[in-house]
Amino acid sequence: MLALQLSALLTILPACLQAARILAIFPFPGPSQYINVVPYLKTLASRGHQVTSVNAFPQKTPVSNFRDIPIPEVFQNYNDIVNELYVLHELNMWQLFSFINKFFVNITRSVLTNKEVTETLLPPGKDHYDLIIVEALRSDAYYGFAAHFNAPIIGFSTFGTDWNIDELVGNVSPLSFSPLVTAGLTDRMTFGERVTNFVDTTISWLNYRIVHMPEQEKLYEKYFPVASKRVQLSDLNRNFSLVLLNQHFSLSFPRAYVPNMIEVGGLHISHKPAPLPKDLEEFIQGSGEHGVIYFSLGSNVKSKDLHAERREVILKTFASLPQRVLWKFEDDQLPDKPTNVFISKWFPQPDILAHSKVKLFITHGGLLSTIESIHHGKPVLGLPFFDDQFSNVKQVTRAGFGLGLDHKTMTQQEFKASIERLVREPQFAETARRMSDRYRDQPMSPLDTAIWWTEYVLRHKGAYHMRVAGQDLGFFAYHSLDVIGALLVGALLTFTIAVCILRKVASLAGFGSSKRKQKVQ
């Protein structure tokens, strides 16, 4: 009832708030990131705000109050980059973070050199915007749009948070229970894992400061020459009004947040599943009592590109199962496809997971897929490939609603045994349903929450009253290293003075004693 009342309240807010001009920058070439955020942007447009979206996936049909600025340049060499992700485990940590930073520097440059961006957004005085919303993912230079338009800025993080996102709003990130996203760790770390997390995070921080930021500062000064003379990029990085996180404590683990850091995990999920296409529904209904398994490796990993030997393991396993299988496969034909397998280049994933006959989700472990599995209460078999997928699958196994396998080494027997266990043992489905209940038990839907806080920032002209003082402190002051250093220097000086005094006293005492001895003689 409370959720309905709050949602109803949202419907009357446009009458109380002047329509704003909003510039949104989400140019990442992986479609899952934009799938996550586009319902949020479209909802803002439906509420009367004029939204300009800089992105790689423009709308196929016009949307009222919504203007696309396509950035096709970000797709240059993208497939080659995705293929390189498979060998990231061969790099040391410094090389890994350099690879990541180079990738995002190239994306940032693609945005700032795009013809429509340079002609309509970058010229001084050409246009104005009341709010900037950016994907806060190592593309610091286009935070310059906030200074360029003298507008507040909201960050959106599609993977939750890490030390880099936390720094935008002065949030606390104790390394003792805040693992690096790429580390494949949970918040319950052993001593050895905490050492690894500390070292890896330190390397990430140093690489960001030494390698990444100088490149971003060059881009900022080149493409925002007027704004960069007024505001340094290091100040923009600490001037965010709000950060929205695609995360929720029921999905991962609880942690502390400052007031302007808001969890909105799963805002892309519709709460009213749409009917499935006729052929898909008939295939699912024909599964009988055994039900259906849904298999997808997401938008970046292509099933068609799997090594032939890996594909054979999967095919033989599926052929031996009593369940029917929906497989997201990017080619029209799948050689040796079993009769119980239905392939398609695209599936309406949330609608499929909502179906009562779907018994298991085999996934790469991307965050959107993990959230969708929890929302719909489905057990998971995770086959992680890179980035945060390892951490997500580890959380799944720790929570007890799924299992994980190494896709590079798993045998047919291991793959089949894991599937059978997840389908037959009831505790996995029961845990998934409990996780779903916890996640859904929120006063407002994630999308309504994101909209409310966005318009809160607009209503209060940036809502700078929510900013913690830590946003204005440098690294040494924020961590009290200057205080610790001063105390150590003070203690050292006190100790040195005390030693000198004691030596002087001892010397004087020794001198007096020798005089008395001479007198006695």
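The values are calculated or read from the model by the stated rules, or taken from the named source; none is laboratory data. Since the structure is predicted, the reported quantities are computational estimates derived from the model, not experimental observations. Here the Cβ is made from the backbone with ideal geometry for all residues, glycine too, and neighbour counts use every protein chain on show.
Considering only region 268-289, state which residues are closer than 16 Å to PHE318 by Cα and free of Cβ contacts under 8 Å to residues at least 60 places away in the same chain.
Here is the first cut: in region 268-289, the ones closer than 16 Å to PHE318 by Cα are 283-284, 287.
Within region 268-289, PHE283 is the sole residue that qualifies.
It is to be established whether one or more residues within region 170-180 are outside any loop (DSSP other than H, G, I, E, B) and of a type in the set (A, V, I, L, M, F, W, C). Step through it out loud before you land on a result.
Initial filter on region 170-180 (outside any loop (DSSP other than H, G, I, E, B)): none.
The answer is no; no qualifying residue exists.
Inspect all residues belonging to region 404-417 and state whether any of them is closer than 30 Å to GLU309 by Cβ, in contact (Cβ under 8 Å) with a residue 60 or more places away in the chain, in the same structural domain as GLU372 (by TED's automatic domain parsing) and of a type in the set (Ser, Thr, Tyr). Give the derivation first.
Looking only at region 404-417, we keep the residues that are closer than 30 Å to GLU309 by Cβ, and these are 404-417.
With in contact (Cβ under 8 Å) with a residue 60 or more places away in the chain added as a condition, the list becomes 407-408, 410-412, 415-416.
Narrowing the set further to residues that are in the same structural domain as GLU372 (by TED's automatic domain parsing) leaves 407-408, 410-412, 415-416.
Okay, now just the ones that are also of a type in the set (Ser, Thr, Tyr), so 411.
Looking through region 404-417, at least one residue is closer than 30 Å to GLU309 by Cβ, in contact (Cβ under 8 Å) with a residue 60 or more places away in the chain, in the same structural domain as GLU372 (by TED's automatic domain parsing) and of a type in the set (Ser, Thr, Tyr).
Considering only region 414-465, how many residues are of a type outside the set (A, V, I, L, M, F, W, C), farther than 21 Å from VAL396 by Cβ and assigned to a helix (DSSP H, G or I)? It would help to see each step written out before you state the result.
So the first thing to find is which residues in region 414-465 are of a type outside the set (A, V, I, L, M, F, W, C), and the list is 414, 416, 418, 420-421, 424-427, 430-431, 433-434, 436-443, 445-446, 448-449, 454-456, 459-462, 464-465.
Narrowing further to those that are farther than 21 Å from VAL396 by Cβ: 443, 445, 448-449, 454-456, 459-462, 464-465.
This time we only want the ones that are assigned to a helix (DSSP H, G or I), so: 448-449, 454-456, 459, 464-465.
So the count comes out to 8.
Which of the helices (runs of 4 or more DSSP H) found entirely inside region 274-366 contain at least 2 residues meeting this: within 25 Å of SER391 (Cβ to Cβ) and in the same structural domain as GLY382 (by TED's automatic domain parsing)? Once the helices (runs of 4 or more DSSP H) in region 274-366 are filtered for at least 2 residues that are within 25 Å of SER391 (Cβ to Cβ) and in the same structural domain as GLY382 (by TED's automatic domain parsing), what remains is 308-319, 349-353.
For VAL37, the test of being surrounded by 22 or more Cβ atoms within 10 Å (Cβ to Cβ), at negative phi, aliphatic (A, V, I, L, M) and part of a helix (DSSP H, G or I) is passed.
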